[in-house]
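Please read the structure below before turning to the comments.
The values are calculated or read from the model by the stated rules, or taken from the named source; none is laboratory data. From a predicted model like this one, the values you see are computed outputs, not experimental measurements. Here the Cβ positions follow ideal geometry from the backbone for every residue, glycine too, while neighbour counts run over all protein chains shown. Side chains included, ligands, DNA and RNA excluded: accessible areas come from the protein's heavy atoms. Shrake-Rupley method; radii C 1.70, N 1.55, O 1.52, S 1.80 Å.
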Amino acid sequence: MIYSKFLGVGSYVPPRVWTNQDLTSLMDTSDEWIQQRTGIKERHWVDQDSATCTSDLALEASVRALEAANVKKEEIDLIILATLSPDHEFPGTGCFLQSKLDLPGIPALDIRQQCTGFIYGISIADQFLKSKQYKKVLVVGAEVHSKGLDKTTRGRDVTVLFGDGAGAVVMGAEEGAPDEKTSRLINTFLHADGRFAKELWVPEPGLAHPGPRMAPERFDGREYPQMNGKTVFTYATKKMPEVLMESLSAAGKTLEDVDLFIFHQANLRINEMVAKQLRIPEEKVYNTISRFGNTTAATIPLGIDEAVKSGRLKKGMLVASAAFGAGFTWASALYRW
Ligand code: UT7
């Protein structure tokens, strides 16, 4: 049997930290409001005057993942990059990353599945690996949100949530008969419901209206993310437990079998509610949001990397991940590290 496994993980965040207090110089907000509502204390943002973009952060994370996996970049057969903050509208940021990695010729695929993008990415990689088309795949989640946020009081409900960062994994195909303890990706489950597309989106610039795409009258804040926070919160706390249980039941596992839960980091209160509903002990949930905010496609690989580095995630552990975000999209992954 052919199965896929994670060979290595890496992450990168830009050096500059913005505390909640720092944000008060830009907008009417407070450390108390942000911490109470979201659990976020600080986030990393790229230097706003620099040309640093998503593919730069993705490159740093990729190099670290390759090093951790002990895999030469030339061994990579496919690059999958998930982001909602691409370097340019086209071509895909995966192509820019491929060029920065100096790997001309191999396929580079972008995924626009927002907070769920990384799980969609490893699921796609899994199919290519299991079908024997490729042997090694680089999957990256990377975001430079900071340059696309409304940093005035008008945008404060969204802006305080998001941080810049990247996480990457190298996945490889293995042949054999995996047993209970074999390190591998066990399953993934993917979902979307486009009826909710406008609950969290960036309306402009877009082509879904008559007339020129860049008409100035369309740019009255609609070029920044618009979010119906309460609806997102409600559906996230409903869909994440559902999809998590889908993965566990398909594998014949229970919540008690899972050693560590590495969820998407949108809001600490969402993860607390998910854990409470499922009666998951707090110490089994690995959260990083207080230090990084929501780095969207990067939260899960960044969380895996932090958990490995801190010794919290050890070889042989059973890990469950779940994510929910714009689209709406939601997904889960169950893996033996
Ligand atoms: O990855 C998926 C991405 N997004 C999410 O998962 C987000 C899910 N939603 C949420 O996390 C929450 O809805 C938020 C944290 C975004 C907002 O919390 P809320 O409890 O839903 O607050 P709200 O939007 O109802 O706003 C409450 C008040 C409002 O003031 P008034 O009308 O009561 O006077 C807002 O204007 O808080 C105000 N407010 C703020 N105040 C200080 C909104 N944002 C801020 C802010 N600082 N940053």
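Conditions tested, residue by residue: (1) at positive phi; (2) basic (Lys, Arg); (3) in the same structural domain as ALA125 (by TED's automatic domain parsing).
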position: PRO225; (1), (2), (3): no, no, no
position: ASN228; (1), (2), (3): no, no, no
position: PHE233; (1), (2), (3): no, no, no
position: ALA236; (1), (2), (3): no, no, no
position: THR254; (1), (2), (3): no, no, no
position: ARG291; (1), (2), (3): no, yes, no
position: GLY316; (1), (2), (3): yes, no, no
position: ALA331; (1), (2), (3): no, no, no
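For segment 236-244, the criterion of being open to solvent by 10 Å² or more (accessible area, probe 1.4 Å), among the basic types (Lys, Arg) and touching a residue at least 40 places away in the same chain (Cβ under 8 Å) is met by at least one residue.
A Cβ distance below 9 Å, combined with a sequence gap of six or more or placement on separate chains, defines the contacts here; from segment 123-140, residues that are in the same structural domain as VAL170 (by TED's automatic domain parsing) reach residues that are among the aromatic types (Phe, Trp, Tyr) and open to solvent by less than 10 Å² (accessible area, probe 1.4 Å) in the pairs VAL139/PHE118; VAL140/PHE118. Once segment 273-286 is narrowed to residues that are touching a residue at least 24 places away in the same chain (Cβ under 8 Å) and part of a helix (DSSP H, G or I), the residue that is surrounded by the fewest Cβ atoms within 10 Å (Cβ to Cβ) is GLN277. When residues in segment 260-284 are screened for being more than 16 Å from the ligand (Cβ to nearest atom) and hydrophobic (A, V, I, L, M, F, W, C), 4 of them pass. Of the helices (runs of 4 or more DSSP H) contained entirely in segment 1-75, those carrying at least 2 residues that are within 21 Å of the chain's Cα centre (by Cα) and among the hydroxyl-bearing types (Ser, Thr, Tyr) fall at 54-69. For segment 287-304, a residue qualifies if it is within 13 Å of PHE263 (Cα to Cα) and in a helix (DSSP H, G or I), and the qualifying residues are ILE289, THR296, ALA297, ALA298, THR299, ILE300, PRO301, LEU302, GLY303, ILE304.
Looking at segment 196-222 only, could you name the residues that are in contact with a Pro (Cβ under 9 Å, 6 or more places away or on another chain), of a type in the set (D, E, K, R) and open to solvent by less than 70 Å² (accessible area, probe 1.4 Å)? Result: ARG218, single match.
Scanning segment 26-51 for residues that are more than 10 Å from the ligand (Cβ to nearest atom) and free of Cβ contacts under 8 Å to residues at least 12 places away in the same chain turns up ASP49, SER50, ALA51. Here SER332 meets the list (1) among the hydroxyl-bearing types (Ser, Thr, Tyr); (2) outside any helix (DSSP H, G or I); (3) out of contact with any Ser or Thr (no Cβ under 8 Å at 6 or more places or on another chain) almost entirely, failing just condition (3).
Is it the case that segment 208-230 has a residue that's assigned to a helix (DSSP H, G or I) and either touching a helix residue (DSSP H, G or I) at 6+ places or on another chain (Cβ under 6 Å) or within 16 Å of the ligand (Cβ to nearest atom) (or both)? Yes: segment 208-230 contains one or more residues that are assigned to a helix (DSSP H, G or I) and either touching a helix residue (DSSP H, G or I) at 6+ places or on another chain (Cβ under 6 Å) or within 16 Å of the ligand (Cβ to nearest atom) (or both). Which condition number does ASP87 fail, the rest of (1) under 28 Å from PRO203 (Cβ atoms); (2) open to solvent by 20 Å² or more (accessible area, probe 1.4 Å); (3) assigned to a helix (DSSP H, G or I) being met? Answer for ASP87: the failing condition is (3).
Residue-wise test of (1) surrounded by 21 or more Cβ atoms within 10 Å (Cβ to Cβ); (2) at positive phi; (3) charged (D, E, K, R).
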residue	(1), (2), (3)
ALA58	yes, no, no
ALA65	yes, no, no
ASP77	no, no, yes
GLY92	yes, no, no
SER99	no, no, no
ILE111	yes, no, no
GLN114	yes, yes, no
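Of the listed requirements (1) over 23 Å from LEU149 (Cβ atoms); (2) surrounded by 16 or more Cβ atoms within 10 Å (Cβ to Cβ); (3) within 16 Å of the ligand (Cβ to nearest atom); (4) among the acidic types (Asp, Glu), ASP193 misses just one: (2).
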